[in-house]
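Notes to accompany the following structure.
The values are calculated or read from the model by the stated rules, or taken from the named source; none is laboratory data. Values in this document were obtained by computation on a predicted structure and should not be read as measured data. Please note: Cβ atoms are built from the backbone with ideal geometry, for glycine as well, and neighbour counts cover all protein chains shown. Remember, those area values only see protein heavy atoms, side chains included, never the ligands or the DNA or RNA. Shrake-Rupley method; radii C 1.70, N 1.55, O 1.52, S 1.80 Å.
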Amino acid sequence: MIITETERLIISKFTIEDASFFLELTNTPNALKYIGDKNLKSVEDAEKYLANKTIKSYHDFKFGFYKLELKEEKNKPIGTCGLAKRKELDDVDLGFAFLPDYEGRGFGYEASKGIMALAKQTFKLDKLIAITVPYNKNSIKLLEKLGFMCEKRVKPFEDDEELLLFAKTL
């Protein structure tokens, strides 16, 4: 189901049929380094994750992470961008990840702008946050370009890694 489109991207809900792509995406070097190992080792693992986390979020919160597909390459999936309501954080979190061949080409900015518009207009959110590890310079640069401001350092998860928390009023 298509949620929105940008100049180069179709943004749609993930389905169980996207498990192979999701498995590939979550196991890229940058996803493992900057987001963490989701311990998805098979298509079956990815199917369970999509069903129990991503698709469940659509039902629970009316939003979640979305599949990003290129319009010009027969809807080729290249990454994800979306919104997460995490129990460890007070506000809704913007996040993104891309296959290596599509990093650094402006897709993160384009997709995030589309998701931020949805957050405000469709989901009636007035603030978003984003979290990242302090050494993820590319994500920090993108968040700043999107108008997010670093507010503080946090340790919201069990792994005890300190993260930077950015915020933006919509």
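As a fraction of the 1.4 Å probe accessible area of the range 77-155, surface on carbon and sulfur atoms comes out at 48 percent. Size of the chain from its Cα atoms: along the principal axes, largest to smallest, the extents are 39, 33, 32 Å.
Along its three principal directions, the equivalent ellipsoid of the range 44-97 from the Cα gyration tensor extends over semi-axes of 22, 14, 9 Å, largest first. Taking all protein chains together and a 1.4 Å probe, the residues Ile55, Ile16 rank Ile16, Ile55 from largest to smallest accessible area.
Cross-link reach is defined here as a Cα-Cα straight distance under 16 Å, omitting same-chain residues fewer than 8 places apart; for Lys53 the lysines meeting it are Lys13, Lys38, Lys62, Lys67, Lys85, Lys87.
Using a cutoff of 8 angstrom between alpha carbon atoms and counting only pairs six or more residues apart, the relative contact order for the chain works out to 17 percent. With the other protein chains left in place, how much accessible area per residue, in square angstrom, belongs to the chain at a 1.4 angstrom probe? So the chain comes to 55 Å² accessible per residue, rounded to a whole number.
When shorter helices are ignored and each DSSP H run of at least 4 residues is given -39500 (n - 2.57), the per-residue value for the chain at 222 nm works out to -7500 deg cm²/dmol. Sorted largest first by accessible area at a 1.4 angstrom probe radius, with every protein chain in place, the residues Cys150, Cys81 fall in the order Cys150, Cys81.
Each of Gly36, Leu165, Gly104 was scored by the projection of its Cα onto the charge dipole of the chain, and the greatest displacement toward the positive side belongs to Leu165; charges sit on the C-beta of Lys, Arg, Asp and Glu. In a DSSP loop and with at most 13 other Cβ atoms within 10 Å, the GluC sites (Glu not before Pro) in the range 60-122 are Glu72, Glu73, Glu88. Evaluated with a Cβ-only charge set (Lys, Arg +1; Asp, Glu -1), the chain carries a dipole of roughly 480 debye about its Cα centre, given to the nearest 20. Beta bridges assigned by DSSP with both partners in the chain are antiparallel in approximately 95 percent of cases.
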